[in-house]
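To keep things clear, I will list the structure first and then write my remarks on it.
The values are calculated or read from the model by the stated rules, or taken from the named source; none is laboratory data. Quantities reported herein were computed from a predicted structural model and do not represent experimental measurements. With ideal geometry, Cβ positions are generated from the backbone for all residues, glycine too; neighbour counts draw on all protein chains shown. Heads up: the accessible areas ignore ligands, DNA and RNA and are worked out on the full protein's heavy atoms, side chains in. Shrake-Rupley method; radii C 1.70, N 1.55, O 1.52, S 1.80 Å.
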Amino acid sequence: MSAVVTTQDPEAIAAELHDGRPFDRGTHDRLLRMPPLRGSRLAHPAVSVTVEASVLENQLAEARATIAEQRERIAYLESLSMTDELTGLLNRRGFFSHFRREIAAARRQRAKGNGKGGGVLVIIDLDGFKRINDTHGHMAGDAYLRQVARLLVGAVREEDVVARLGGDEFALLLTNTDAACGSARARQIATAACRRGVQWNNADLPIRFSFGVQSYGADDREEEVIRLADSHMYSNKAGRRSRSPGRKAGQPGARSATNRRATA
């Protein structure tokens with residue numbers, strides 16, 4: 001006689017359906033809580049690993065591309081922060097950064113016994129630039145500054161540095177050059193500039209500037225080198241003004257660098 005099994009006896013049901021094995025309530029509950037199987041779960045393990053590896057490779061490639069793009073963006077922003085927008089030259093910040101590296105390179109060169117290193121700094125200040133702005137307007141002044149920038153870039157070597165420090169003041173770093181050669185080169189550039197000009201509304205605006213030269217090496221600090229070159233430039237400007245026609249005797253030739261920057 002077969003036993004009568006009712007729905008109230010789950011263990012008896014389990015025993016009949018599973019060849020008499022005891023009913024495991026914990027396993028039963030876990031099976032009920034499991035999510036339904038999907039296609040990916042039914043795939044062969046080797047195929048699943050291959051798919052996951054491919055996905056990871058794609059994600060890694062995307063991450064590398066994003067990092068490269070971010071680095072390019074950062075480099076672009078850094079270049080903007082060190083570049084003069086009007087002329088495309090280094091600005092004051094970019095110039096000081098480059099000058100510090102130049103002096104550090106001179107120190108390394110000396111430490112290796114490869115000579116003293118260093119070069120020459122030339123500070124340039126345009127003559128009569130304010131008059132150009134006042135007479136012809138700021139657009140004429142901007143065109144004038146761009147022309148001076150092109151002139152200076154074309155007059156130096158590729159390894160030299162040209163910067164606009166601000167307003168009508170420029171700087172040249174003539175690398176691996178001694179004081180005598182640097183002074184001669186600065187005079188050549190000033191002479192060449194005198195033969196150039198900027199055409200603006202049928203007006204010829206000649207390019208004129210005063211300059212100061214100071215050599216630098218491994219033992220120098222950039223601030224002191226700039227101060228000395230600036231001082232030489234103002235002495236040069238004062239001499240040029242005193243020799244210019246129409247200047248009254250005893251009239252001061254130039255303001256000091258400190259006073260000029262305080263009123264700029």
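Quick one: how many residues across the range 207-234 are over 16 Å from Ala186 (Cβ atoms) and open to solvent by 60 Å² or more (accessible area, probe 1.4 Å)?
We begin by selecting, within the range 207-234, every residue over 16 Å from Ala186 (Cβ atoms); these are 217-224, 227.
Imposing the further condition that a residue be open to solvent by 60 Å² or more (accessible area, probe 1.4 Å) reduces the set to 219, 221, 223-224, 227.
The number of residues fulfilling the criteria is 5.
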Select, from Gln70, Gln59, Gln147, Gln109, the only residue that is of a type in the set (S, T, N, Q) and within 15 Å of the chain's Cα centre (by Cα).
-> Gln70
Restrict the check to the range 235-245 and report whether at least one residue is open to solvent by less than 40 Å² (accessible area, probe 1.4 Å) and touching a helix residue (DSSP H, G or I) at 6+ places or on another chain (Cβ under 6 Å).
-> no
The residue that is surrounded by the fewest Cβ atoms within 10 Å (Cβ to Cβ), considering only those in the range 167-185 that are closer than 20 Å to Val198 by Cβ and of a type outside the set (A, V, I, L, M, F, W, C), is Gly167
crowded, with 21+ Cβ neighbours inside 10 Å and within 16 Å of Leu126 (Cα to Cα): does that describe Gly197?
-> no
Failed condition for Asn202, given (1) open to solvent by 40 Å² or more (accessible area, probe 1.4 Å); (2) in contact (Cβ under 8 Å) with a residue 12 or more places away in the chain | (2)
For Val162, the lone unmet condition from (1) in contact with a Phe, Trp or Tyr (Cβ under 8 Å, 6 or more places away or on another chain); (2) of a type in the set (Val, Ile, Thr); (3) farther than 16 Å from Asp125 by Cα is (3)
Residue count for the range 135-155, restricted to those that are open to solvent by 30 Å² or more (accessible area, probe 1.4 Å), β-branched (Val, Ile, Thr) and under 30 Å from Gly117 (Cβ atoms) | 1
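Can you name every residue in the range 48-92 that is farther than 30 Å from Phe170 by Cα and at pLDDT below 70? I'd like the intermediate steps shown before the answer.
Our first condition is that a residue be farther than 30 Å from Phe170 by Cα; within the range 48-92, this holds for 48-71.
Of everything in the range 48-92, those that are farther than 30 Å from Phe170 by Cα and at pLDDT below 70 turn out to be Ser48, Val49, Val51.
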Flag for Asp125 being on the phi < 0 side of the Ramachandran plot and either open to solvent by 20 Å² or more (accessible area, probe 1.4 Å) or modelled with pLDDT under 95 (or both) = no
